[in-house]
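**Q** Below you'll find the structure I mean.
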Amino acid sequence: MLKFLSGLNDMDTQNTDTPDITSNGGPICPRKVLVTGSSRGIGAAIALAFAKSGADVAINFSKQGGRSEEHAKNLAAEIESMGQKAILVPGDISQKDSVKKIFADAASALGGLDVLVLNAARAPFKPIERLLERELRALVDTNYIGNIFCVQEALPYLTSTTGHDKHIIFISSLGSRFYNQSYPLGSMKAAMEAVVRDLSETLKNIAVNAVSGGLVKTDSFKVLRQFIDGIERIPEKLFVMPEEIADVVLFLCSPASRGIRGQTIVVDRGLSNCLHRNA
Amino acid sequence: MRQALISDDMVIDELKKAAAETLAIDVATIKTDSSLVKDLGAESLDFLDINYRIEQTFSIKMARHFIIEHIEEMFGEGTAIDSDGRLTEKAVKLMRIRLDAAVEGSALEALKPGMDMDALPAMITIRSMAGSIMDILDTLPENCPECDKSAWKTDNDTRIVCRECGAEADYKNGDDLIKEWLQKTQDEHKIV
């Protein structure tokens with residue numbers, strides 16, 4: 001018990017430090033960011049938001065030669081037009097060798113790393129009890145093991161002395177807490193939210209948090225609307241824009257969030273507040 | 001019955017339109033035998049988007065899962081894809097029967113046991129996908145299930161409704177059709 005309390009005290013001291021302030025009076029913004037799965041959708045919105053705030057960004061996507069690469073190149077061009085550096089670091093996060101290369105290339109091109117955003121995800125859409133062994137293993141390989149590979153490979157580059165300027169942000173979803181038809185990814189999101197809590201305790205000088213998005217109209221929504229009955233009837237005002245999630249990610253990477261550790265912040269326009277809604 | 005209301009050409013044209021919108025390309029560049037992956041650059045999410053557009057257009061429900069997934073669900077894991085992610089003989093035999101009319105002969109030659117399963121989506125063409133849509137539309141019943149009259153008409157060219165009671169046509173969904181076809185073909189050919 002004493003050890004437990006002592007640990008808490010350490011963390012409290014760390015979190016109440018006054019953040020560094022830049023010479024122009026604004027908060028220090030992370031400068032070197034890697035976002036996994038960022039060729040489009042939420043990942044792309046996060047990459048763009050960081051670039052707008054003055055960061056250089058490494059854009060990761062899984063498959064080379066397809067439309068993801070095309071999207072990634074367009075995003076990189078947009079970021080470069082803002083005067084920021086953007087590099088492409090393709091690779092499948094479920095493969096350890098691939099992850100090593102992603103981080104070595106990103107850190108080398110950006111000159112280090114301040115923020116890792118774990119956004120990449122891939123999953124079949126079918127009820128859990130019908131998943132084949134191959135699908136089940138792929139689900140865990142990408143969405144759990146792959147994310148932890150990324151954390152492990154990022155750590156050497158995320159060294160910090162202040163504890164305020166290095167961040168890992170995991171992008172979760174409401175599927176971690178609520179049932180969704182044919183959405184086994186939710187169970188992986190729940191596991192990763194637990195990983196976020198663990199890491200926030202063990203990585204004292206890196207702030208680890210998660211952002212859980214509600215219904216977001218990205219490409220993934222094209223999948224959801226085919227598998228979740230009635231999703232089209234949900235009022236438009238309850239749909240979150242990818243930029244709203246990106247804004248919270250940026251907040252969690254700012255000194256203003258220094259007191260937040262190991263938390264999952266829900267960004268769903270209140271969708272999950274009510275059990276029942278009038279149509 | 002269905003062809004008198006919605007022609008095969010109309011199905012192909014609507015599919016080309018859906019693919020062009022999803023992939024943001026000029027519809028004129030899409031040929032009936034264009035591979036959605038190889039020639040048009042589609043990815044897995046794009047297929048779902050095209051499916052969605054087609055569902056809205058014809059008021060049907062496309063298959064959510066590929067035939068390979070149905071083979072494994074029906075006959076057991078490993079019956080269609082081996083532990084290295086390659087097609088089994090059984091999967092190839094079944095797919096050859098299914099794709100015989102829908103895919104160009106030269107493309108069908110690539111379908112061999114041991115083929116990488118990731119190479120399969122490249123075999124999907126506008127023609128083969130249109131075939132799946134037509135299969136669903138062909139399940140239009142003779143009579144309206146609501147009023148039992150045989151009075152189908154098209155509404156907005158692509159949606160079939162009952163002239164008598166206004167009910168929308170009720171088709172079988174794509175996944176059920178694949179499962180039915182698989183069971184029937186397996187019973188007929190006894191493929192091992």
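**Q** Does region B:114-192 come out rounded, prolate or oblate, given a ≥ b ≥ c as the square roots of the eigenvalues of its C-alpha gyration tensor, rounded meaning a/c under 1.5 and, failing that, prolate meaning a/b above b/c?
**A** Oblate.
**Q** Run the simple label-point estimate for A:Ile148 and B:Gln56 please: 7 Å along Cα→C-beta, distance reported in nm.
**A** The answer from the label model is 4.2 nm.
**Q** Quick one: buried accessible area between A and B, total over both chains, 1.4 angstrom probe, nearest 100 Å²?
**A** Buried area (both sides, nearest 100 Å²): 1900 Å².
**Q** Next question. Rounded to whole Hz and in sequence order, give me ³J(HN,Hα) for region A:68-74 from the Karplus expression 6.51 cos²θ - 1.76 cosθ + 1.60, θ = phi - 60°, writing x for Gly and Pro.
**A** 4, 5, 4, 4, 4, 5, 5
**Q** Now a separate question. Can you run the Rg to Rh ratio on region A:183-226? Use alpha carbon positions and the Kirkwood inverse-distance Rh.
**A** 1.12
**Q** Within 10 Å of each Cβ in A:220-226, how many Cβ atoms from other chains are there, averaged over the peptide?
**A** Whole-number average of other-chain Cβ neighbours for A:220-226 is 5.
**Q** Taking only Cα atoms and a 10 Å spring cutoff, compute GNM fluctuations for chain B and point out the largest among B:Asp49, B:Asp26, B:Asp13.
**A** So, out of B:Asp49, B:Asp26, B:Asp13, the one fluctuating most is B:Asp26.
**Q** What residue among A:Ala246, A:Ala51, A:Ala104 has the largest mean-square fluctuation in a Gaussian network model of chain A, using Cα springs under 10 Å?
**A** A:Ala104
**Q** Additional query: For region A:112-147 and region B:137-167, what is the separation of their C-alpha centers, rounded to whole Å?
**A** What the calculation gives is 43 Å, centre to centre.
**Q** Expected output is a single nm value to one decimal: the length gained when fully extending between B:Lys112 and B:Lys149, i.e. 0.36 nm times separation in residues minus the C-alpha distance. What is it?
**A** Gain on stretching B:Lys112 to B:Lys149: 8.6 nm.
**Q** With contacts defined as alpha carbon pairs under 8 Å and 6 or more residues apart, what's the relative contact order of region A:49-163 in percent?
**A** Relative CO of region A:49-163 lands at 25 percent.
**Q** Where the centroid of each part is defined by its Cα atoms, how far is region A:60-87 from region A:180-194 in Å?
**A** So the separation of the two Cα centres works out to 28 Å.
**Q** Which ³J(HN,Hα) values in Hz, rounded to whole numbers, follow from the phi angles of region A:202-211 under the Karplus curve 6.51 cos²θ - 1.76 cosθ + 1.60, where θ = phi - 60° and Gly and Pro get x?
**A** Each residue's phi maps through the Karplus curve to give 8, 9, 4, 9, 10, 7, 10, 9, 10, 10 Hz.
**Q** What list of ³J(HN,Hα) couplings, whole Hz, do you get for region B:164-175 from phi and the Karplus terms 6.51, -1.76, 1.60, once you set θ to phi - 60° and write x for glycine and proline?
**A** 7, 10, x, 5, 6, 4, 10, 9, 6, 8, x, 5
**Q** Then there's this: From the C-alpha coordinates alone, can you work out the Kirkwood hydrodynamic radius of region A:155-267, in Å?
**A** Its Kirkwood hydrodynamic radius stands at 15.1 Å.
**Q** To continue, here is another question. As I understand it, the dipole of chain A uses +1 on the Cβ of Lys and Arg and -1 on the Cβ of Asp and Glu, about the Cα centre. Which of A:Asn147, A:Asn74, A:Ser176 lies farthest toward its positive end?
**A** Positive-most Cα among the choices belongs to A:Ser176.
**Q** In addition: List the residues, sorted by chain then number, that are 5 or more residues from A:Gly213 or on another chain and whose placed amide H is less than 5 Å from its amide H.
**A** Result for A:Gly213 returns A:Ser172, A:Ser173, A:Leu174, A:Val267.
**Q** Further, regarding this structure: How much mean residue ellipticity at 222 nm does chain B get from its helices, if each DSSP H run of length 4 or more adds -39500 (n - 2.57) and you divide by all residues, to the nearest 500 deg cm²/dmol?
**A** -14000 deg cm²/dmol
**Q** If you average over every viewing direction, what projected area does the convex hull of the Cα atoms of chain A give, in nm²?
**A** Orientation-averaged projected area of the Cα hull: 16.5 nm².
**Q** Still on this structure: Run the dipole for region B:1-88 about the Cα centre, Lys and Arg Cβ at +1, Asp and Glu Cβ at -1, nothing else charged, and hand back the magnitude in debye, nearest 20.
**A** Taking the Cα centre of region B:1-88 as origin, the dipole is about 280 debye.
**Q** Can you list, largest first and rounded to whole Å, the semi-axes you get for the protein assembly as shown by taking the square root of 5 times each eigenvalue of its Cα gyration tensor?
**A** 46, 24, 22
**Q** Here's a follow-up. What translational diffusion coefficient, in µm²/s and rounded to a whole number, does the Stokes-Einstein relation yield for region B:1-99 at 37 °C and a viscosity of 0.692 mPa s, taking the hydrodynamic radius as the Kirkwood radius over Cα pairs?
**A** Rounded, D is 212 µm²/s.
**Q** Which links in A:Lys126/B:Lys172; A:Lys101/A:Lys217; A:Lys96/B:Lys90; B:Lys38/B:Lys179; A:Lys189/A:Lys222; A:Lys126/A:Lys222 stretch past 24 Å when you go from one Cα to the other?
**A** Too far apart for the 24 Å limit: A:Lys101/A:Lys217; A:Lys96/B:Lys90; B:Lys38/B:Lys179.
**Q** Normalized C-alpha radius of gyration of chain B, against 2.2 N^0.38 Å?
**A** Ratio of Cα Rg to 2.2 N^0.38 Å: 1.08.
**Q** Could you list the chymotrypsin sites (Phe, Trp or Tyr not before Pro) in region A:157-211 that lie in coil according to DSSP, counting only those with at most 16 other Cβ atoms within 10 Å of their Cβ?
**A** Counting only loop positions with at most 16 other Cβ atoms within 10 Å, the chymotrypsin sites (Phe, Trp or Tyr not before Pro) in region A:157-211 are A:Phe178, A:Tyr179.
**Q** Between the DSSP loop rule and a limit of at most 15 other Cβ atoms within 10 Å, which GluC sites (Glu not before Pro) in region B:1-91 are left?
**A** Taking region B:1-91 and a limit of 15 other Cβ atoms within 10 Å, the loop GluC sites (Glu not before Pro) found are B:Glu77.
The values are calculated or read from the model by the stated rules, or taken from the named source; none is laboratory data. As the structure is a prediction and not an experimental result, all values here were calculated from the model. All Cβ positions, even for glycine, are placed from backbone atoms using ideal geometry, and neighbour counts span all protein chains on display. Heavy atoms of the whole protein, side chains included, go into the accessibility calculation; ligands, DNA and RNA do not. Shrake-Rupley method; radii C 1.70, N 1.55, O 1.52, S 1.80 Å.
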